[in-house]
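Novice: Take this structure, written in structure tokens, and hold onto it; I'll ask about it next.
The values are calculated or read from the model by the stated rules, or taken from the named source; none is laboratory data. Small disclaimer: the values here were computed from a predicted structure and weren't measured. Here the Cβ positions follow ideal geometry from the backbone for every residue, glycine too, while neighbour counts run over all protein chains shown. Side chains are part of the model used for accessible areas, which takes the heavy atoms of the whole protein and leaves out ligands, DNA and RNA. Shrake-Rupley method; radii C 1.70, N 1.55, O 1.52, S 1.80 Å.
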Amino acid sequence: MAEKKTKGKQKIDIKKVENNEVRMVTFSKRKNGIYSKLSQLSILCGADVGFLTYSGSGQPFTFGSPSFDVVAQRFLHGNNHSGIINGEGYSPSSMIVEAHKKRKVDEFCKKLNNMSDEAAHASPSLPVESDASLKVGPKDDEEAKQLLRRFE
């Protein structure tokens, strides 16, 4: 009889995967598995399903049947919602993505300001001003978004 080449399906300890690359692969595979189960639940039971998760790097992922927007609208407005998104303003998923982008831009601005402060304190002989006009904040949103896109 030939020897088995793989270990097959085994029970694993549920704890955080320490290796970042392996953790990302595990997240992707398990996310796809959850999507498959949610799709089956929706088809078999006729349920409207909405699922939102953030990866370890903070990237949002959504799944919905019939769509995440429809399920989110129904959740926000109650069971009587028709499920039609009227196109006015943002849909819930785009609002989530915008909130995520804003959070990332704010984090980027804080890091940039901290680096500027550290440079000013580390070497007082350099002509680095600690002027408030040099601080990056939400008013510089568009410029910060462009910088963030360049460095991602």
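Novice: Would you be able to tell me the number of residues in the range 27-41 that are free of Cβ contacts under 8 Å to residues at least 24 places away in the same chain and of a type in the set (Val, Ile, Thr)?
Specialist: 0
Novice: For the subset of the range 25-79 comprising residues that are in contact with a Gly (Cβ under 8 Å, 6 or more places away or on another chain), assigned to a helix (DSSP H, G or I) and closer than 24 Å to residue 102 by Cβ, which member is modelled with the highest pLDDT?
Specialist: Of everything passing the filter in the range 25-79, 27 is modelled with the highest pLDDT.
Let's see how each residue does on (1) within 25 Å of residue 105 (Cα to Cα); (2) out of contact with any Lys or Arg (no Cβ under 6 Å at 6 or more places or on another chain):
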residue: 5; (1), (2): no, yes
residue: 17; (1), (2): no, no
residue: 24; (1), (2): yes, yes
residue: 33; (1), (2): no, yes
residue: 37; (1), (2): no, yes
residue: 41; (1), (2): no, yes
residue: 55; (1), (2): yes, yes
residue: 58; (1), (2): yes, yes
residue: 67; (1), (2): no, yes
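Novice: Let me ask you something else. Pairs only if they're at least six apart or on different chains, beta carbon under 7 angstrom, first in the range 42-64 and under 30 Å from residue 20 (Cα atoms), second part of a loop (DSSP other than H, G, I, E, B); list them, first residue then second.
Specialist: Filtered contacts from the range 42-64: 61/55.
Novice: While we're here: Among the residues in the range 8-21, are any within 28 Å of residue 68 (Cα to Cα), open to solvent by 100 Å² or more (accessible area, probe 1.4 Å) and in a helix (DSSP H, G or I)?
Specialist: No, every residue in the range 8-21 fails to be within 28 Å of residue 68 (Cα to Cα), open to solvent by 100 Å² or more (accessible area, probe 1.4 Å) and in a helix (DSSP H, G or I).
Novice: Check off (1) outside any loop (DSSP other than H, G, I, E, B); (2) at pLDDT below 90; (3) surrounded by 10 or more Cβ atoms within 10 Å (Cβ to Cβ); (4) over 19 Å from the mean Cα position of the chain (by Cα) for residue 83 and give me the number that stays unchecked.
Specialist: For residue 83, the failing item is (1).
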